[in-house]
Structures are given as structure tokens and as C-alpha cells.
Ligand SMILES: NC(=O)c1ccc[n+]([C@@H]2O[C@H](COP(=O)([O-])OP(=O)(O)OC[C@H]3O[C@@H](n4cnc5c(N)ncnc54)[C@H](O)[C@@H]3O)[C@@H](O)[C@H]2O)c1
């Protein structure tokens, strides 16, 4: 998948979870599309290393951000408002999961998954979305999952709870901002073949089930999610809000 058509020229985009398997590919694609990136994750040094690999290194700003901590969002948004003239897009990509089932999940881990993957996404919309509105409008892209919509393989209960909330919060926020020029959409990847996912599951029964249940017969690539982000973050999608874009090899149509 190649980018580089300058679809995001002149735009400032804030990305969370930048240094994970999908985040890195989103950062690469948005940089190829000429965006200036605010690259955030819990580890600022990892964000700085990523920025150094991207085209137009000098345009990008690496920052530490734990998305579940509201004060960190305030500090990051103050920094962005100071360095850039405004903010055009937010990609709420950072999240954590848990593979446990409805009966095996542990309350502390459940609460942690909700705090990061659900509440962190809301806090991003609250703080970065407000700056996008003040900047004259733009786009919020929430990275959700097929598990925000369907039961998947019957595990990852806490993650499914968080992603289900991301799906409905997307529509709620889209309505709030519909006349203010802030569009809000969700992307729903199926199983994506990141090195992290392969390290955890390759060769396992779960990996075989992911493949067997994907109608296209393969897992997705992070670049394929990044291409959807580039579309929704920029001006190719200006009449699209509150929508769900599935990047799942057909999983949810079966
Ligand atoms: N990989 C898949 O198959 C898949 C499928 C569907 C949806 N997704 C979604 O795609 C997104 C990226 O997933 P990934 O596969 O790259 O996962 P990953 O675990 O490789 O990356 C997640 C990133 O989020 C960051 N993160 C964790 N806790 C954080 C916190 N408190 N604050 C800020 N950042 C935090 C991590 O440091 C990491 O860089 C997630 O929203 C995930 O739910 C992934």
C-alpha cells in the first residue's frame, strides 16, 4: 500500500499509541501524506525514535501521553496549541486488551481495560476534539474493532465492552459536532498481523481460528488500517460522520 499523494498537506494530526504495531504504520502513512504529526504514547523516547524515521522529521512532535490521565491530555493539548496554529485531526489509536472470557476476566484488569481503551478514547475526544473545533473543524478517527460490534471468538470480554462503547461514543460525538465541522468516525479492524499479535499467537489454536473465520482467508496488514485512517482524517471524507469503516477481510458480513 503506498501513500504520498499529499492528502494531509498543511494538516496537524495527533496520534495516540503511536509506537504500537498499527500506530507506527498510521504514523508512516500520515507523514507520507504530508501531515505534521503529534506522536504520543506512554514512552516519549519511543515516539522520538519513530519521528526520526519519518519524512519531514522537523515537522513532528513526540510527546508522552497516558491517554487515561486527564491532566496529561490537558498538558499535551496546551503544548499543541502553543507549537502549531491549531489541530486538524485526532487519531484515537492507543488501547490495551485482555483475552479473558466473561467468566475468567478479573475485575482489576477489566477496570484497567475500560480506563485506557474506553475512557482514554473519550478523554481524547473531549480535549483534542475541543481544540479541533476551536481550530475551525476537522476529523476524529476512533480506532475501534470488530469486537465493538460482534462477538469475535467469544473471548476478550473487557476489550469488547470498551470497543462497544467506542463505537457508540463515536456516533454520539458525531451528532454533537455535526454542525460544528468536527467529523467523528470509527475504524473497525479485524485481526491485524502485527509483530506483537504474531509473537503472542502465531501457530496457536487462536491464530488458526482468526484465519479460519476471516472470509478473505488472511489476516489484515497494519498498512491497510493506516490507509483507512488517511481517508477519514483528511478532506476526502468531508460528508462522512458517525460512520463505521470495517477493515476486516469480510469478518462482519459473514
Ligand atoms: N492488532 C489487531 O489485530 C487489532 C484489531 C482490532 C483493533 N485493534 C486496535 O488497533 C489499535 C492499535 O492496536 P495495535 O495492534 O497496534 O496494539 P499495540 O498493543 O501494538 O499498540 C497499542 C499502543 O497503545 C499504547 N498504549 C497502551 N496503553 C496506553 C495508555 N494508557 N496511554 C497511551 N497509550 C497507550 C501502547 O504503548 C502501544 O503503543 C488499538 O486501538 C487496538 O484495539 C487492533
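A short reminder: the numbers here are calculations on the coordinates, not readings from a lab. Bear in mind that the values here come from a model prediction, so they are computed numbers and not experimental data. Please note: Cβ atoms are built from the backbone with ideal geometry, for glycine as well, and neighbour counts cover all protein chains shown.
Tabulated data for the structure shown
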item: Relative contact order for the chain, counting Cα pairs under 8 Å that sit 6 or more residues apart, in percent; result: 21
item: Label-zone membership for the stretch 27-55, site residue 9, 7 angstrom Cα→C-beta point, backbone N under 14 Å; result: 32-36
item: Along each principal axis, Cα extent of the stretch 35-153, largest first, Å; result: 48, 31, 26
item: Using alpha-carbon coordinates, inclination of helix 120-134 to the longest axis of the chain, degrees; result: 30
item: Normalised contact order of the stretch 1-40, rounded percent, pairs of Cα under 8 Å and 6 or more residues apart; result: 55
item: √(5λ) per eigenvalue of the Cα gyration tensor, the chain, largest first, Å; result: 27, 19, 18
item: Mean separation of Cα contacts under 8 Å (6+ apart) over length of the stretch 134-200, as relative contact order %; result: 45
item: CD proxy at 222 nm, helix term only [per DSSP H run n ≥ 4: -39500 (n - 2.57); per residue of the chain; nearest 500]; result: -12500 deg cm²/dmol
item: More than 19 Å apart - percent of Cα-Cα pairs taken over the stretch 142-200; result: 40
item: Cα-projected label distance for residue 57 with residue 70, points at 7 Å along beta-carbon direction, nm; result: 3.9
item: Degrees between helix 44-53 axis and first principal axis of the chain (Cα, 0 to 90, nearest 10); result: 80
item: Alpha carbon Rg of the stretch 166-254, scaled by the compact-globule rule 2.2 N^0.38 Å; result: 1.27
item: Principal axis dimensions, largest first and in whole angstrom, of the stretch 46-110 by Cα; result: 48, 27, 18
item: Rounded tilt (10° steps) of 222-233 against the dominant C-alpha axis of the chain; result: 40
item: Rotationally averaged projected area of the stretch 87-151 (alpha carbon convex hull; nm²); result: 4.7
item: The stretch 72-218: equivalent-ellipsoid semi-axes (sqrt of 5 x gyration tensor eigenvalues, Cα, Å); result: 31, 16, 15
item: Where the Cα pairs of the stretch 1-73 fall when distances are cut into 5 Å bins, in %; result: 3, 20, 30, 24, 14, 7, 2, 0
